[in-house]
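**Student:** Once you've had a glance at the structure underneath, I'll fire off some questions.
Read-outs throughout are calculated quantities, based only on the coordinates presented, and are distinct from any laboratory measurement. Just so it is clear, the structure is predicted and the values come from calculations on it, not from any experiment. With ideal geometry, Cβ positions are generated from the backbone for all residues, glycine too; neighbour counts draw on all protein chains shown.
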Amino acid sequence: MEHYNYNGKEIIGIDHGFGNIKCRHVVFRSGVKHKGFVSDKSQDEDYYILTVAALAKELEFRHITECEAVLAVGLPIQWIGAQKEAFRKYLMRNELIEFRYHGQDYLVRIDDVQVFPQGFAGVVQRLGDFKGLNILADIGNGTMNTMLIKDGKPMSSRCYTDKLGVEQCIIRMSNELLAVSGFAMPYDVCEDFLRKGNADLAEKYTSVMRKAAEEYSDTILAKLREYEFNPEIMRLTVMGGGACILKHFWNDDGCRVQYIEDICATAKGYELLALNNLKRRDT
């Protein structure tokens, strides 16, 4: 079971998504269905509660009931400058966290919280593969984070965050289905269709869903072109929940594209970045 422990401190990466909370080993929904989009994750209690839930599930998987922990988390690229310190303080409000989960008592002392940019964290372990010019699109439930990478080095001046997450596709799809059917299609049916590329529904519904997904894919590519994506000279990497949408519903026309489908890739990247920071501090 792979995870990082440095000098007795358990490093726990948590990817606070609007649709799902992801750790190295566990994934669960950000609420009964999904957490509504907010531009500041520290504005209410929800993400703190979800953080404790993430600790419970991940520590249960790791068979750890008491530990000193370093939380490795992230924010959208364009938000990190303004919100990093507030989010860090938000998650460090209680040094000691005690809770009971599945009949087991847990005690966690939060030693530190480190905040990293989304997107970059998901590919940090494979930056050596990014030869030449690359564009990375990390499409989550709420936002799309875009970064240009040249010869394995992120271009800090070419990073962008847009409210173009998967939820925008599902909203469009739901509205169009409502007009056709007269009833609201369940959220999880739409989500499952996007993940798999098909559904066991009448063609009159799947054709509407397919069209909405294709239009959303075109919107994503149009935004990438605004950021000077040129398929003739750039490679495209797509990750996050939106990767499956482009994979199923976008005609890549021979573009050099790779899809990172590990939903936990960003949480794992946060852990590696935090580990490297801890090692640097000790040198």
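**Student:** Tell me, Glu215, Glu203 in order of fewest to most beta-carbon neighbours within 10 Å?
**Tutor:** Exposure proxy ranking, most exposed first: Glu203, Glu215.
**Student:** Work out the charge dipole of region 120-193 with +1 on the Cβ of Lys and Arg and -1 on the Cβ of Asp and Glu about the Cα centre, then indicate which of Val124, Phe183, Gly142 is farthest towards its positive end.
**Tutor:** Going by the Cα projections, it comes out as Val124.
**Student:** Over all directions, average the projected area of the Cα convex hull of region 1-156 and note it in nm².
**Tutor:** Mean orientational projected area (region 1-156, Cα hull): 9.7 nm².
**Student:** With a Förster radius of 30 Å, plug the Cβ-Cβ distance of Glu214 and Met155 into 1/(1 + (r/R0)^6) and report the FRET value to the nearest 0.05.
**Tutor:** With a Förster radius of 30 Å, E is 0.50.
**Student:** Once fully extended, how much extra length lies between Met92 and Asp44, figured as 0.36 nm per residue of separation less the alpha-carbon to alpha-carbon distance?
**Tutor:** My answer for the length gained is 15.8 nm.
**Student:** Report ³J(HN,Hα) in whole Hz for each residue of region 67-74, in order, from the Karplus equation J = 6.51 cos²θ - 1.76 cosθ + 1.60 where θ = phi - 60°; Gly and Pro get x.
**Tutor:** Once θ is set to phi - 60°, the couplings for region 67-74 become 6, 9, 10, 10, 8, 10, 10, x Hz.
**Student:** Measuring from label point to label point, each 7 Å out along Cα→Cβ, what is the Thr206 to Glu228 span in nm?
**Tutor:** 4.3 nm
**Student:** Determine by what factor the alpha-carbon radius of gyration of the chain differs from 2.2 N^0.38 Å, reporting the quotient. Can you show the working numbers first?
**Tutor:** Details: Rg = 19.5 Å, N = 283, 2.2 N^0.38 = 18.8 Å.
Normalised Cα radius of gyration, the chain: 1.04.
**Student:** Taking 0.36 nm per residue of separation and subtracting the Cα-Cα distance, what length does fully extending Arg256 through His102 add?
**Tutor:** Taking 0.36 nm per residue and subtracting the Cα distance, the gain is 50.8 nm.
**Student:** Stokes-Einstein diffusion coefficient for region 91-241 at 20 °C in a medium of 1.002 mPa s, Rh from the Kirkwood formula over Cα pairs: what value in µm²/s? List each step's numbers first, then the result.
**Tutor:** Details: Rh = 18.3 Å.
Estimated diffusion coefficient is 117 µm²/s.
**Student:** Using +1 at the Cβ of each Lys and Arg and -1 at the Cβ of each Asp and Glu in region 86-155, identify which of Leu107, Ile97, Leu133 lies farthest towards the dipole's positive end.
**Tutor:** It is Leu133, whose Cα lies furthest towards the positive end.
**Student:** Straight-line reach only, C-alpha to C-alpha below 19 angstrom: list the aspartates and glutamates that Lys279 could link to, leaving out same-chain residues fewer than 8 apart.
**Tutor:** Leaving aside aspartates and glutamates fewer than 8 places away in the same chain, those within reach of Lys279 are Glu2, Glu10, Glu68, Asp111, Asp112, Glu271.
**Student:** Just want the ordering: Met185, Met144, from fewest to most Cβ atoms lying within 10 Å of their own Cβ.
**Tutor:** Going from least to most buried by this count: Met185, Met144.
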